[in-house]
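What follows is one structure encoded as structure tokens, with my remarks underneath.
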Amino acid sequence: MADTIKKRIAPIARLLDLSKMIRLSGQSDIFPFYHVISDFHLPHIRHLYRYRRLNEFEKDLEEMLKWFEPVTLADYLEVEQKGNGKRKGKGKGKGKGKGKGRMVLTFDDGLEECHQTIAPLLKKKGVPAAFFLNNHFIDNRDLFFRYKASLIIDEVLSDCKAKEKAAKYLVIPEEKVVDAIRMVKYGQQELLDELARQVGVDFIDYLREDPVYMTSQQVKELVDWGFEIGGHSPDHADFSTLDPAVMISQVKDSIEDLQQRFGVFSRFFSFPFTSDGVPGEVIDTLLNDRVADVLLGTAGLKKTGKQGFIQRIPMEDYEMSFKDALKTEYLYYLMKIPVGRNTIRY
């Protein structure tokens, strides 16, 4: 629903003044996030979403820096906790000069490109960022189930015999194979593993020949370079399917494992997929019991009503420039104010 509305209002948003929308919204700080930046064909991702090429991300970054001041997540939280977000000498997010709002840039899933492509560029430009990792996938020990699905889709689209085998195994017409694979959910990984065997896709070989994730050494180098890391759940769980106690355990285990393995003290966590379906009581427990210092969602520009619970802008949802994407987010936010839909309801 939200994505459909955003697509419809995007042409209108492009015509509007961004600085005025920022001022009207009262939301001068933004939290854009990506998963990967690459100029290469990535079969494990290409059937899930369109990722930015390096030159596209550089343009995004250039536009971000015109409008916002990049800060670390830790620095952002410190200011919020000490002064309730009020910064001495700062304006109201007018952009392009004095009074810039703040920007916290983040990346989910801990993919190899974070170390090989993204971090070097950010280092060069002096832009901080936080990287959120799935503990079980570090060192390419396993593969996110949706990446498995994308690899299988890539195979059946390039090999008619593979599609035929998949259709036979799933007992469906060949023209429905791709849609059926896309429908596989968290907890049904065994179905994907067996389907991969049927069509001749070997996930272990793929990870060995074309590493998807960062190694432990690469994560350590990110930390040494001054970047932040946080948990993203052990295996990219769909939290909407979990019991509250399991939700809390997933967050706790993911954060503590990173602290032990990489010597970090931060307690940052970004929800995989979305924070939708996570009860307010769970959010309160995680924050009040200091299981996490901050929890990040993916709902776009939206208030949560809870300090330490922040929604981010999913940049890969937009096939347009950073500025146009941001205009769309702000217009959508402003449209929801009269009906009270710009704040998450629990």
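The values are calculated or read from the model by the stated rules, or taken from the named source; none is laboratory data. Predicted model, so just to flag it, every value in this text is computed and none were measured. All Cβ positions, glycine included, derive from the backbone under ideal geometry; neighbour counts span all protein chains shown. The accessibility values were calculated without ligands, DNA or RNA, using every heavy atom of the protein model including side chains. Shrake-Rupley method; radii C 1.70, N 1.55, O 1.52, S 1.80 Å.
A few points about this structure:
- With all protein chains in place and ligands, DNA and RNA left out, the 1.4 Å accessible area ranks Ser270, Ser240 as Ser240, Ser270, largest first.
- Accessible-area value, Asp142, 1.4 Å probe, nucleic acids and ligands omitted, Å²: 70 Å²
- DSSP beta bridges fully contained in the chain are about 5 percent antiparallel.
- Cross-link pairs Lys59/Lys303; Lys6/Lys100; Lys176/Lys306; Lys66/Lys336; Lys306/Lys327; Lys100/Lys303 - those with Cα-Cα distance over 31 Å: Lys176/Lys306
- Calculated [θ] (222 nm, deg cm²/dmol) that DSSP helices of n ≥ 4 give over the chain, each run adding -39,500 (n - 2.57): -13500 deg cm²/dmol
- Each residue was assigned an accessible area with a 1.4 Å probe, and for Thr298 the value is about 20 Å².
- Value of relative contact order over the chain, rounded to a whole percent, pairs C-alpha under 8 Å and six or more apart: 21 percent
- Among the listed values (1) 133; (2) 177; (3) 144, the one matching volume of the Cα convex hull per residue in Å³ as calculated from this structure is (3).
- Pairwise FRET efficiency - His41 versus Arg290, Cβ, R0 = 35 Å, nearest 0.05: 0.20
- Above 13 Å, the calculated P(r) of the stretch 2-44 contains 73 percent of its Cα-Cα pairs.
- Candidate aspartates and glutamates - alpha carbon under 15 Å from Lys82, same-chain residues fewer than 8 apart omitted: Asp293
- Rolling a 1.4 angstrom probe over the chain with all protein chains present gives an accessible area of which 49% lies on carbon and sulfur atoms.
- Heavy-atom accessible surface of the chain, averaged per residue, reaches 48 Å², computed with a 1.4 Å probe.
- With all protein chains modelled, accessible area of Arg53 [1.4 Å, Å²]: 110 Å²
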